[in-house]
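Asker: Okay, handing you the structure first.
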């Protein structure tokens, strides 16, 4: 199989290691294959691809979209290195307000699957980085929301202390004040069983 799937401490977030075929020309790898992803329970239908280009120290996030345009994301770095973060914002979830983070790079060929109900963001560790992410709903400015990157209630261990932020991202609210309609759809026992899967 061209992918290795690993559920993280928040089990709905999945770290994916892609197999790269390398030779003197460079490398080739698959970054998405519907049959492989659906075999482990990721049945998302991706409808839009986005690419961001950023320089060292830039932090983008933490972003999400409200229903009916809530998005799941598959994040891949095609150049450079980033610290990629997902925050559980599902009210009623046993991991509400918790976060997971992984270093994704063009060298380690790792990707992060971020399901609906999570805020997402990343900061750039290399001189420059190009990030490709597939999403399950088209961009909707009316439903776009976010939470502040340094919310003390969430306590993300970012590897940058004074990131470069957009004006909008610098003014995002804390999670407790955010316009957030995301709720956990599984009972706690079902969520615990999901953790044991894979």
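The values are calculated or read from the model by the stated rules, or taken from the named source; none is laboratory data. Only a predicted model underlies this, so the values are computations on that prediction, with no experimental measurement involved. Quick reminder, even Gly has a Cβ in these numbers, built from the backbone with ideal geometry, and neighbours come from all protein chains shown.
Asker: Check off (1) part of a strand (DSSP E or B); (2) in contact (Cβ under 8 Å) with a residue 12 or more places away in the chain; (3) exposed (fewer than 13 other Cβ atoms within 10 Å of the Cβ) for residue 67 and give me the number that stays unchecked.
Answerer: (1)
Asker: Same structure, new question: Could you please find all residues in region 102-121 being farther than 24 Å from residue 179 by Cβ and part of a strand (DSSP E or B)?
Answerer: Listed by number, the residues that qualify are 102, 103, 104, 105, 110, 111, 112, 113.
Asker: I'm told residue 7 meets every condition in (1) in contact with a helix residue (DSSP H, G or I) (Cβ under 9 Å, 6 or more places away or on another chain); (2) surrounded by fewer than 14 Cβ atoms within 10 Å (Cβ to Cβ) except one. Can you identify the failing condition by its number?
Answerer: (2)
Asker: In addition: When region 14-33 is examined, which residues are found to be more than 16 Å from residue 43 (Cβ to Cβ) and either in contact with a helix residue (DSSP H, G or I) (Cβ under 6 Å, 6 or more places away or on another chain) or not in a strand (DSSP E or B) (or both)?
Answerer: Once the filter is applied, which keeps residues that are more than 16 Å from residue 43 (Cβ to Cβ) and either in contact with a helix residue (DSSP H, G or I) (Cβ under 6 Å, 6 or more places away or on another chain) or not in a strand (DSSP E or B) (or both), region 14-33 yields 19, 24, 25, 30, 31.
Asker: For the structure I just gave you, tell me whether residue 83 is buried (at least 17 other Cβ atoms within 10 Å of the Cβ), part of a loop (DSSP other than H, G, I, E, B) and either touching a strand residue (DSSP E or B) at 6+ places or on another chain (Cβ under 6 Å) or at pLDDT below 95 (or both).
Answerer: So residue 83 fails the test.
For every residue, the table says whether it meets (1) out of contact with any helix residue (DSSP H, G or I) (no Cβ under 6 Å at 6 or more places or on another chain); (2) within 14 Å of residue 120 (Cα to Cα); (3) assigned to a helix (DSSP H, G or I).
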site	(1), (2), (3)
140	yes, no, no
145	yes, yes, no
150	yes, yes, no
158	yes, yes, no
162	yes, no, no
169	yes, yes, yes
172	yes, yes, no
180	yes, yes, no
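Asker: Identify all residues within region 34-61 that are over 20 Å from residue 119 (Cβ atoms), in a loop (DSSP other than H, G, I, E, B) and either touching a strand residue (DSSP E or B) at 6+ places or on another chain (Cβ under 6 Å) or without any contact (Cβ under 8 Å) to a residue 60 or more places away in the chain (or both); write none if there are none.
Answerer: Scanning region 34-61 gives 39, 40, 43, 56, 57.
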